[in-house]
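Asks: First the structure, which I've put down as structure tokens, then a few questions once you've had a look.
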Amino acid sequence: VASLPHYALALALPTGPVALHDEWVDPIGTSAATLLPEALEPTVESHSALRAVTLVDGRAIATIETRARIETPGPRLALAGSAEWDLLDGRLISRSLEIRPSRLGESEGNPGVLAVHLTTPRA
């Protein structure tokens, strides 16, 4: 049975300044690839992007979108998610991720979706 350690779900932020719609490499795809057998030699394409900055109750909140594709000759995983980051406090407000498998063998049936939603309490 495959599993993801909790730190694999962390939000990867860029190391330098970004503008609206800028993208950066996000290691979440590499973490999600561990759900597949290593012998399949998965290839990973994974990034996050700043999609919006909005004012909520006088606070600047960044909306970050994450996408990843993990491909093998057999099964594939698609990851999609979003996060809200408080720019003033420098803290995560929420993060949602969905991992969808595809191209599984007939015997696997419907694998469903792994969905994770994290929220932090307001200070």
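Bear in mind that the values in this text are calculations on the coordinates, not laboratory data. Quick caveat, the model's predicted, so the values are computed rather than measured. FYI the Cβ positions are ideal-geometry reconstructions off the backbone, even for glycines, and counts take in every protein chain you see.
Asks: Among 12-25, 32-45, 61-74, how do they line up by average Cβ neighbours within 10 Å per residue, starting with the highest?
Replies: So the order, starting with the most tightly packed, is 61-74, 32-45, 12-25.
Asks: Within 14 Å, Cβ to Cβ, of Ile64, how many net charges do the neighbouring residues add up to if Lys/Arg are +1 and Asp/Glu are -1?
Replies: Neighbourhood net charge equals -2.
Asks: If you place +1 on the Cβ of every Lys and Arg, -1 on the Cβ of every Asp and Glu, and leave all else neutral, what size is the dipole of segment 1-97 about its Cα centre, to the nearest 20 Debye?
Replies: Rounded to the nearest 20 debye, it is 160 debye.
Asks: If you average 1/r over all unlike Cα pairs in the chain and invert the result, what Kirkwood radius do you get in angstrom?
Replies: For the chain, the Kirkwood estimate is 15.6 Å.
Asks: Just to confirm a number: summing +1 for Lys and Arg and -1 for Asp and Glu over residues other than Ile99 whose beta-carbon lies under 12 angstrom from that of Ile99, what do you get?
Replies: Result for the neighbourhood of Ile99: +3.
Asks: Using Cβ counts within 10 Å as a stand-in for footprinting exposure, how do Ser46, Ser94 rank, fewest first?
Replies: Sorted ascending by nearby Cβ count, the order is Ser94, Ser46.
Asks: I would also like to ask the following. Could you calculate the FRET efficiency of Arg69 with Leu118 from 1/(1 + (r/R0)^6), where r is the beta carbon distance between them and R0 is 30 Å, rounded to 0.05?
Replies: 0.85
Asks: Kindly provide the Kirkwood hydrodynamic radius of segment 29-79 in Å, to one decimal, from all pairs of distinct alpha carbon atoms.
Replies: 12.6 Å
Asks: Then there is this: Quote to one decimal, in nm, the extra length available between Ala10 and Asp57 on full extension: 0.36 nm per residue of separation minus the C-alpha distance between them.
Replies: 14.4 nm
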